[in-house]
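Here, each number is a calculation from the coordinates, and none is a lab measurement. These numbers were taken from a predicted model, which means no experiment stands behind them. For neighbour counting, all protein chains shown are included, and Cβ atoms are generated from backbone atoms with ideal geometry for every residue, glycine included.
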Ligand SMILES: NC(=O)c1ccc[n+]([C@@H]2O[C@H](COP(=O)([O-])OP(=O)(O)OC[C@H]3O[C@@H](n4cnc5c(N)ncnc54)[C@H](OP(=O)(O)O)[C@@H]3O)[C@@H](O)[C@H]2O)c1
């Protein structure tokens with residue numbers, strides 16, 4: 001492997017190695033990624049920390065064993081990823097504030113917690129960025145929204161972009177758009193799974209076994225998504241290709257279009273955005 005193919009990152013602390021934290025970690029542990037000084041991760045329970053015992057390059061700390069686990073993890077770290085539940089973020093920031101290195105970059109993964117909240121709890125010499133990855137990070141196919149903070153530089157943004165590119169692609173947006181982005185790509189995998197469930201139910205109602213229905217529908221979604229990526233065509237062009245004039249697909253699409261899917265998705269994403277605002281208001 002050449003140096004050009006290797007992603008180099010400075011030392012990283014990951015606070016809260018739960019579902020999303022581990023998904024991001026999976027990208028950092030890829031053979032093409034080198035993290036100088038290794039990765040320190042924290043959890044509350046010792047059992048969770050013990051799960052990392054055999055992971056090379058990762059040192060795990062549990063607050064149950066060591067009340068200063070988060071402070072130890074951030075000492076010396078150039079990048080600190082905060083991936084605990086949103087409600088726990090302010091206390092965690094107060095806990096680590098005095099242990100952060102001057103010039104450290106704190107990256108939030110927590111939904112709805114604003115840059116202003118982070119900056120209010122952290123020293124001025126620490127940069128803050130906000131991100132919103134999605135669960136396909138586990139298979140290296142995340143779409144991550146990324147927003148700069150008021151104290152972050154272009155170099156900080158570029159570095160954190162590189163970090164999230166280890167698990168997929170990155171879309172930079174102003175923070176004012178991050179909650180809206182979350183209603184599209186953050187929640188998006190759930191919308192896709194709901195559509196898969198609905199089409200699977202229709203297949204079972206047409207007499208296919210559950211196994212056959214799953215194979216037909218899962219394969220169709222995966223195949224169509226791959227075709228979209230590989231062909232470079234728009235979804236509209238690909239839909240038209242499948243839809244012969246006066247054919248069967250055209251009849252089915254007419255029924256779906258009568259249901260005003262764009263309007264339905266607007267209402268669904270508006271509801272998600274309203275909930276994000278409720279959560280931000282506490
Ligand atoms: N899941 C998603 O699709 C998604 C997408 C985008 C963003 N996010 C964000 O990611 C964050 C984590 O969500 P999640 O689904 O990964 O939750 P999760 O699985 O519950 O993970 C949270 C982790 O934080 C640890 N933790 C809690 N308090 C801690 C503390 N004081 N110090 C150190 N570690 C602590 C927990 O450890 P223990 O298990 O030992 O208690 C747990 O491993 C949330 O803020 C969420 O908004 C999630």
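Among 118, 191, what is the fewest-to-most ranking by other Cβ atoms within 10 Å?
Lowest count first: 191, 118.
Considering the alpha-carbon set of region 1-128 alone, what are its Rg and its Dmax in angstrom?
14.2, 43
Calculate, in whole percent, how much of the Cα-Cα pair population of region 58-189 lies beyond 21 Å.
39 percent
Please list log₁₀ I(q)/I(0) at q = 0.12, 0.16 Å⁻¹ for region 82-153, using the Debye equation with identical point scatterers on the alpha-carbon positions.
Result of the Debye calculation: -0.32, -0.55.
With contacts defined as alpha carbon pairs under 8 Å and 6 or more residues apart, what's the relative contact order of the chain in percent?
Once divided by the residue count of the chain, the mean separation gives 13 percent.
For the chain, set up a Gaussian network in which alpha carbons nearer than 10 Å are linked by springs, and say which option among 25, 92, 253 fluctuates the most.
Comparing 25, 92, 253 in a Gaussian network model of the chain, the most mobile one is 253.
With 10 angstrom as the radius, rank 183, 236 by how many other C-beta atoms surround their C-beta, starting from the fewest.
With the fewest neighbours first, 183, 236 line up as 236, 183.
In whole Å, what is the distance between the alpha-carbon centres of region 174-220 and region 29-93?
The two parts, judged by their Cα centres, are 33 Å apart.
log10 I(q)/I(0), Debye, Cα-only region 188-281, no solvent, q = 0.11, 0.14, 0.21 Å⁻¹?
Treating every Cα as an identical point scatterer, log10 I(q)/I(0) equals -0.45, -0.71, -1.29.
Go ahead and set up a Gaussian network model of the chain, Cα springs under 10 Å, then flag whichever of 164, 61, 193 fluctuates most.
Of the options given, 193 has the highest mean-square fluctuation.
Return 119, 101 ranked ascending by Cβ neighbour count within 10 Å, so the fewest neighbours appear first.
Arranged by neighbour count, lowest to highest, 119, 101 become 101, 119.
Hey, what's the per residue convex hull volume over the C-alpha atoms of the chain, in cubic angstrom?
169 Å³
Quick check on region 3-175: of the DSSP beta bridges with both residues there, what percent are antiparallel, nearest 5%?
The antiparallel fraction comes to roughly 10 percent.
Please work out how much length the chain gains when fully extended from residue 202 to residue 261, using 0.36 nm per residue of separation minus the C-alpha to C-alpha distance, in nm with one decimal.
So the extension gain works out to 19.5 nm.
Project the alpha carbons of region 74-122 onto their principal axes and report the range along each, largest first, in whole Å.
So the three principal-axis extents are 27, 16, 16 Å.
Which number do you get for Rg(Cα) / (2.2 N^0.38 Å) in region 12-68?
Taking the Cα Rg and dividing by 2.2 N^0.38 Å, one obtains 1.06.
So what is the 222 nm mean residue ellipticity for the chain from helices alone, if each DSSP H run of at least 4 adds -39500 (n - 2.57) and you divide by all residues, rounding to the nearest 500 deg cm²/dmol?
One gets -14000 deg cm²/dmol as the mean residue ellipticity at 222 nm.
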